[in-house]
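Q: Structure incoming, see below.
Every number here is computed from the coordinates shown, using simple stated rules; none is lab data. All values reported here derive from a predicted model rather than from experimental measurement. Every residue, glycine among them, receives a Cβ derived from its backbone with ideal geometry; neighbour counts consider all protein chains shown.
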Amino acid sequence: GVIEIPVVVNVLYKTTAQNVSQAQIQSQIDALNKDYNATNTDFGSVPALFSGVKANVGIRFVLDAVYRKSTTKTSWRLDDSMKKSTKGGINPTRPTTKLNLWFCNLTSGYLGYAQFPGGASATDGVVIDDNAFGTTGTAAAPFNKGRTATHEVGHWMNLRHIWGDATCGTDYVNDTPSHNTANYGCPSYPHYSTCSGTPVEMTMNYMDYTDDACMYMFSSGQKDRMLAIFSTGGARATFAQP
């Protein structure tokens, strides 16, 4: 059946605007559900070349709780301090059975970051910048379709960047073409790789760095890699227990 993930949202705010509405939080949950269940309106835009491998991952996200905390910090570094009450942040709630999302103003224009499976429970989860969270409120174009979370939750579920973080690197997925590097903005199709065989790149994949409006698919291989972590013995098997 469908794996259901309870989501805890931890809001760290300095300004009134950063203390986001329940509607904005729900818009992020809704975006995750559309993208992970192939009900996003742009799923049909996947080019014919990749239509045979575009996937419905089949994971459902349910908002479990929202915790809010006022802070004097203008911005947060990527050092997990937002996940620690001793550093002014909010400790994760039951991270072995709940996906914790932290919403805060990240430093230096970062959109978000995630912890891969197998890391410490005390820092497990996903952090999203205040201008890239959800689809309304403080979310700002071109990152206002909730897909920073879609991308980062992909990491949380063991997906690598599609270019493998190296020139023509590997993402350990067989049905994604080799990318020579990250793509930004909204590349025109077809965009050819400089890697061996010059394949057409899957720039519309959620694990690239393109704008929200220009990423709208996971592949079947990525689906298999994500679901594997919830199987018996997998790094997140505790999420799939009845």
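Q: If you plug each phi of segment 182-193 into the Karplus form 6.51 cos²θ - 1.76 cosθ + 1.60 with θ = phi - 60°, what whole-Hz ³J(HN,Hα) values come out, in order, with x for Gly and Pro?
A: 5, 10, 10, x, 9, x, 6, 9, x, 10, 8, 7
Q: Which value in nm describes the separation of the simple spin-label points at Asp175 and Ser121, placed 7 Å from the Cα toward the beta carbon?
A: About 3.5 nm separates the two model spin labels.
Q: If you take every DSSP beta bridge fully contained in segment 1-126, what fraction is antiparallel? Give it as a percent rounded to 5.
A: Around 5 percent of the beta bridges assigned by DSSP in segment 1-126 are antiparallel ones.
Q: Report the Cα centroid-to-centroid distance between segment 164-196 and segment 218-233 in angstrom, as an integer.
A: Segment 164-196 and segment 218-233 have Cα centres separated by 20 Å.
Q: What are the principal axis extents of the Cα atoms in segment 1-145, in Å, biggest first?
A: Here the Cα extents, ordered largest to smallest, are 49, 32, 25 Å.
Q: Taking 7 Å along the Cα-to-C-beta vector as the label spot, tell me the Val2-Val200 distance in nanometres, rounded to one decimal.
A: Those two pseudo-labels are separated by 3.1 nm.
Q: Something else: Counting only residues 5 or more places away or on other chains, whose amide H sits under 5 Å from the amide H of Ile5 once H atoms are built in the peptide plane?
A: Hits under the 5 Å cutoff: Arg60, Phe61, Val62.
Q: In addition: Please state the relative contact order of the chain as a whole percent: Cα pairs under 8 Å, 6+ residues apart?
A: Once normalised by length, the contact order is 21 percent.
Q: Could I have the simple spin-label model distance between Lys14 and Val62, label points 7 Å from Cα toward Cβ, reported in nm to one decimal?
A: 3.7 nm
Q: Quick one: give the max-minus-min coordinate of the C-alpha atoms of segment 183-242 along each principal axis, largest first, in Å.
A: Projected onto its principal axes, the Cα set of segment 183-242 covers 44, 28, 14 Å.
Q: So, with +1 on the Cβ of K and R and -1 on the Cβ of D and E, and no other charges, what is the size of the charge dipole of segment 174-242 about its Cα centre, to the nearest 20 debye?
A: My answer is approximately 280 debye.
Q: Could I ask something else about it? Please list log₁₀ I(q)/I(0) at q = 0.12, 0.14 Å⁻¹ for the chain, using the Debye equation with identical point scatterers on the alpha-carbon positions.
A: One equal scatterer on each Cα of the chain leads to -0.65, -0.89.
Q: Can you work out D for segment 1-55 in µm² s⁻¹ from Stokes-Einstein, where Rh is the Kirkwood radius over C-alpha pairs, the temperature is 20 °C and the viscosity is 1.002 mPa s?
A: Rounded to a whole number, D works out at 154 µm²/s.
Q: If you don't mind, another one. Asp130's amide H: which non-local residues (gap 5+, or another chain) put their own amide H closer than 5 Å, with H modeled 1.01 Å from N in plane and none for Pro or chain starts?
A: Residues meeting the criterion, in which the H sits 1.01 Å from N, are Cys104, Asn105, Leu106.
Q: Which of the lysines could a cross-linker bridge to Lys84, judged by Cα under 22 Å and excluding same-chain residues fewer than eight apart?
A: Lys14, Lys69, Lys73, Lys98
Q: Taking amide H positions as placed 1.01 Å from N in the peptide plane, with prolines and chain starts having none, which residues 5 or more places from Asn10, or on another chain, fall under 5 Å of its amide H?
A: Hits under the 5 Å cutoff: Tyr67, Leu101, Trp102, Phe103.
Q: When the dipole is taken about the Cα centre of segment 69-220, and only Lys, Arg (+1) and Asp, Glu (-1) are charged at their Cβ, what size is it in debye, to the nearest 20?
A: I would put it at about 700 debye.
Q: May I ask for log10 I(q)/I(0) of segment 44-100 at q = 0.25 Å⁻¹, from a Debye sum over the Cα atoms as equal point scatterers with solvent left out?
A: Reported log10 I(q)/I(0), two decimals: -1.09.
Q: Please name which of Gln26, Thr123, Thr135 has its Cα lying farthest along the dipole of the chain towards the positive end, using unit charges on Cβ (Lys, Arg +1; Asp, Glu -1) and the Cα centre as origin.
A: Of the candidates, Thr123 comes out farthest on the positive side.
Q: Which percent, to the nearest 5, of DSSP beta bridges fully inside the chain are antiparallel?
A: If I count the DSSP bridges inside the chain, around 20 percent turn out antiparallel.
Q: With just the Cα atoms defining each centre, how far is segment 64-96 from segment 107-141? Give it in Å.
A: 11 Å
Q: Determine which residues of segment 1-41 fall in the zone a paramagnetic label at Thr232 would reach in this model, i.e. backbone nitrogen under 12 Å from the point 7 Å along Cα→Cβ.
A: none
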